[in-house]
Amino acid sequence: MAPAPRPIALLTDFGVTDAYVGVMKGVLLARCPGASLFDLTHGVPAQDVVAGALHLRAAAPYCPPDTVFLAVVDPGVGGTRRPVCLRSGGRLFVGPDNGLLWPAAAALGTPKAFHLDRVDLWLPAPSATFHGRDIFAPVAAALAQGRAPEEAGTPLADPVRLELPSAERTPEGVQGEVLLIDHFGNAVTSLTPADLGFPEPEACRFHAGEHVLRGPATHYGAVALGEPLVLLGSLGYYEVAVNGGSAAERLGLRRGDAVTVLAPDHASYR
Amino acid sequence: MAPAPRPIALLTDFGVTDAYVGVMKGVLLARCPGASLFDLTHGVPAQDVVAGALHLRAAAPYCPPDTVFLAVVDPGVGGTRRPVCLRSGGRLFVGPDNGLLWPAAAALGTPKAFHLDRVDLWLPAPSATFHGRDIFAPVAAALAQGRAPEEAGTPLADPVRLELPSAERTPEGVQGEVLLIDHFGNAVTSLTPADLGFPEPEACRFHAGEHVLRGPATHYGAVALGEPLVLLGSLGYYEVAVNGGSAAERLGLRRGDAVTVLAPDHASYR
Amino acid sequence: MAPAPRPIALLTDFGVTDAYVGVMKGVLLARCPGASLFDLTHGVPAQDVVAGALHLRAAAPYCPPDTVFLAVVDPGVGGTRRPVCLRSGGRLFVGPDNGLLWPAAAALGTPKAFHLDRVDLWLPAPSATFHGRDIFAPVAAALAQGRAPEEAGTPLADPVRLELPSAERTPEGVQGEVLLIDHFGNAVTSLTPADLGFPEPEACRFHAGEHVLRGPATHYGAVALGEPLVLLGSLGYYEVAVNGGSAAERLGLRRGDAVTVLAPDHASYR
């Protein structure tokens, strides 16, 4: 008896209004019957490779250790961008070579990259606009059935290594930005605990737009309903949130806005 | 051979733009390989425990009798709110002890409650902001694999028993409210057939905002295209709808609006 | 041992804010345990049978050859509209007899139609507003378990045969329309390669609103970022798109707008 296929996790910016994701699932199940498919999300903002990379990196460590990740956020589809597979920590990542897969794979180990050039594994006559259906899904199905990346492509020395936006140290403190606004209106910043080297992070002040917020709280209920706060969120970054509400609405925060943390002994605190 | 795992149904207010639901599914499949996961909905309005409870209660009786329901609408995450499991009619409900699970469990039998305090079943070092991933998902996975609630927690005498909004009898008739607006713009009211004790419900008049509608019709086509009507909907309540359109848009109805039914012999009918 | 159940693909206009799709999945898994369920989409615009038929027709050929398609876009639910099953090319299509299923089934072969009148396969006491749950899902579950359409209904000679909007030839060229706007803001037209009988399609001009676009490009990157173009899309039609952006926003296109192609030698080109 053949071993059970690997589970396949999907992440795209295809949204849920069309059948683009559905047709990829059709290809996956046609080529790998019985596969366990699950969605990470299809709500990545259109063509936002950084947001897709953040969600993928945050989710991957929690998934089964043999998961095949099929991720597509691909503004350059049909151009010279290469289809790739990264293998890292037992997991496989299939998608465009534009950096989307890199942070997730690099967080799990030292990725080994493959250029997916075995066209006999693709659908016949692949289109130039839908590699998710025509290239990535059939290759992911083959990998889920036990095929090795070595059989699906050739080793690649120079995959695109995406650097996620990181915080910048300044004499006064640390400067970051809003990376994304989530479903609840939380503003996920690029600031991590490692960025705050201060001995008492609770004594810091976060400056977001015209608002000044206390250092990180442990849960939403630490402030009154409707009040803003800073929390360490599940993506691994500090988030600006509002207890029982939306920080994006309440504080007018948007992607790209600066969020600055001043050290506890900075003049503006006195 | 181990028996097949129980199916797991998910319901949250996490939306579909982030990977919050996806990472929960990763945990479920990592801990319970081969589980049949299915989504009830992730579109419950943010932090609306009543709306979540309504959807869960309406869906649960149709699901496989051994389903584990993993439901999270949890404004109080990270506070003193307890994680619970309710067992009722063979089904198991896992989530926050804020009433979300109660109406569904109570509709299927007499719920037995457990405080999920067996921390060895949780993910290590659970966060204060994402119990769905760190507590509820791993416990649900253990239950789906056949573990009994008794092994995941201790009996709980006083789970939160949520009372759903109900209709109120007045001398003139029955007073209810709009509980939720659905995807089609139907306004689901808190009025049920049991509330209308009148001998001829068709002879009633429903007052919604400034609109007066005839008693319940049997299907949308009972009125002309674009016309409003009242129907008994699939959540078990009377709904104000528009044939081929949106009642919320056409009649300006919103959650919380009053909907009143006057008895057939009331003066305003003459 | 019973053979594995057929996979079941779902397509509806039910959206993702309520548990309407979820309760259908509950019925499917209750009656066909272990079935492989996958979503094509639930984001068909409310009651838009043509858009649903387009997505279903585009997706079906990529799905496993034994798939049971459960599709519901059903403005006439509860009226005289019949529940049907179409069998074509090994695949089965279950849903309302309003044309939704026809284009997909007809593209795969010569459909054989059945009126689903075996009420013992339905849920008891089916409602007049939710045939997806009460009729289509339990019948689809029976078919997925291996029951033949002949056992679920009686042959039907006159199923509704939906004609999708097609292009019209005029002396100057070809006249089409925008069939739908997709998640990325691409405007999918009713124009296909077969409609353009010109020897050099690249030399054509597409007139969309006040905009004139060159003949079809092969991929988005063929024009500069932010610029509009025409492409052959994955639904099989020409699409008006914008590289890295939304054609609907940038060009103000909406469903139903005319898109005209003038032959290369037409006067307006000189």
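Couple of notes before you dig in:
- Within the stretch C:37-76, restricting attention to residues that are aliphatic (A, V, I, L, M) and open to solvent by 10 Å² or more (accessible area, probe 1.4 Å), the residue that is farthest from C:V160 (Cα to Cα) is C:L37.
- Single unsatisfied condition, A:L156 versus (1) open to solvent by less than 10 Å² (accessible area, probe 1.4 Å); (2) more than 14 Å from chain B (Cβ to nearest Cβ); (3) within 24 Å of the chain's Cα centre (by Cα): (1)
- Residue satisfying all of: in the stretch C:31-55; without any contact (Cβ under 8 Å) to a residue 40 or more places away in the chain and over 22 Å from the mean Cα position of the chain (by Cα); nearest to C:V77 (Cα to Cα) among these: C:P33
- Single unsatisfied condition, C:E168 versus (1) touching a residue at least 12 places away in the same chain (Cβ under 8 Å); (2) within 30 Å of C:A194 (Cα to Cα): (1)
- Here B:V259 meets each of (1) more than 14 Å from chain C (Cβ to nearest Cβ); (2) farther than 21 Å from C:S127 by Cβ; (3) surrounded by 15 or more Cβ atoms within 10 Å (Cβ to Cβ); (4) over 19 Å from the mean Cα position of the chain (by Cα) with one exception, condition (2).
- Residue among A:A140, A:A152, A:A157 that is without any contact (Cβ under 8 Å) to a residue 60 or more places away in the chain and of a type in the set (G, A, S): A:A157
- Answer residue from the stretch B:241-256, given it is away from chain C (no Cβ under 13 Å) and not in a helix (DSSP H, G or I) and is surrounded by the most Cβ atoms within 10 Å (Cβ to Cβ) among those: B:L253
- Filtered residue count, the stretch B:111-129, keeping only those that are in a loop (DSSP other than H, G, I, E, B) and either farther than 21 Å from B:L11 by Cα or modelled with pLDDT of 95 or more (or both): 8
Table: residues versus (1) within 14 Å of chain B (Cβ to nearest Cβ); (2) in contact with a Pro (Cβ under 6 Å, 6 or more places away or on another chain); (3) closer than 30 Å to A:S246 by Cα.
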residue	(1), (2), (3)
A:F130	no, no, no
A:A148	no, no, no
A:P171	no, no, no
A:A187	yes, no, yes
A:A203	no, yes, yes
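- Here C:G226 meets the list (1) modelled with pLDDT of 90 or more; (2) surrounded by 20 or more Cβ atoms within 10 Å (Cβ to Cβ); (3) touching a strand residue (DSSP E or B) at 6+ places or on another chain (Cβ under 7 Å) almost entirely, failing just condition (2).
- For the stretch C:78-88, the set of residues classified as surrounded by 23 or more Cβ atoms within 10 Å (Cβ to Cβ) and among the β-branched types (V, I, T) consists of C:V84 only.
- Residues located in the stretch A:229-240, provided they are part of a strand (DSSP E or B) and either open to solvent by less than 20 Å² (accessible area, probe 1.4 Å) or modelled with pLDDT of 95 or more (or both): A:L229, A:V230, A:L231, A:Y238, A:E239, A:V240
- Residue identified as surrounded by fewer than 17 Cβ atoms within 10 Å (Cβ to Cβ), closer than 16 Å to B:T260 by Cα and of a type in the set (S, T, Y) among B:T192, B:T218: B:T192
- Taking the stretch B:103-128 as the range and being touching a helix residue (DSSP H, G or I) at 6+ places or on another chain (Cβ under 9 Å), open to solvent by less than 40 Å² (accessible area, probe 1.4 Å) and more than 14 Å from chain A (Cβ to nearest Cβ) as the test, the residues that pass are B:P103, B:A104, B:A105, B:P111, B:A113, B:F114, B:L116, B:L121.
- Inspection of the stretch A:196-211 finds no residue satisfying the criterion of being among the acidic types (D, E) and within 28 Å of B:G15 (Cα to Cα).
- Scope the stretch A:80-110; condition modelled with pLDDT under 95 and closer than 20 Å to A:F14 by Cα; matching residues: A:R81
- The stretch B:84-102, residues that are within 14 Å of chain A (Cβ to nearest Cβ) and in a loop (DSSP other than H, G, I, E, B): B:N98
- A:L143 meets the conditions (1) open to solvent by less than 30 Å² (accessible area, probe 1.4 Å); (2) modelled with pLDDT under 95; (3) closer than 20 Å to A:I8 by Cβ in every case but one. The failed one is (2).
The values are calculated or read from the model by the stated rules, or taken from the named source; none is laboratory data. Every value quoted in this text rests on a predicted model; they were computed, and no experiment measured them. Every residue, glycine as well, gets a Cβ built from its backbone with ideal geometry; the counts of neighbours run over all protein chains shown. Protein only, heavy atoms only, side chains kept; ligands, DNA and RNA dropped before computing areas. Shrake-Rupley method; radii C 1.70, N 1.55, O 1.52, S 1.80 Å.
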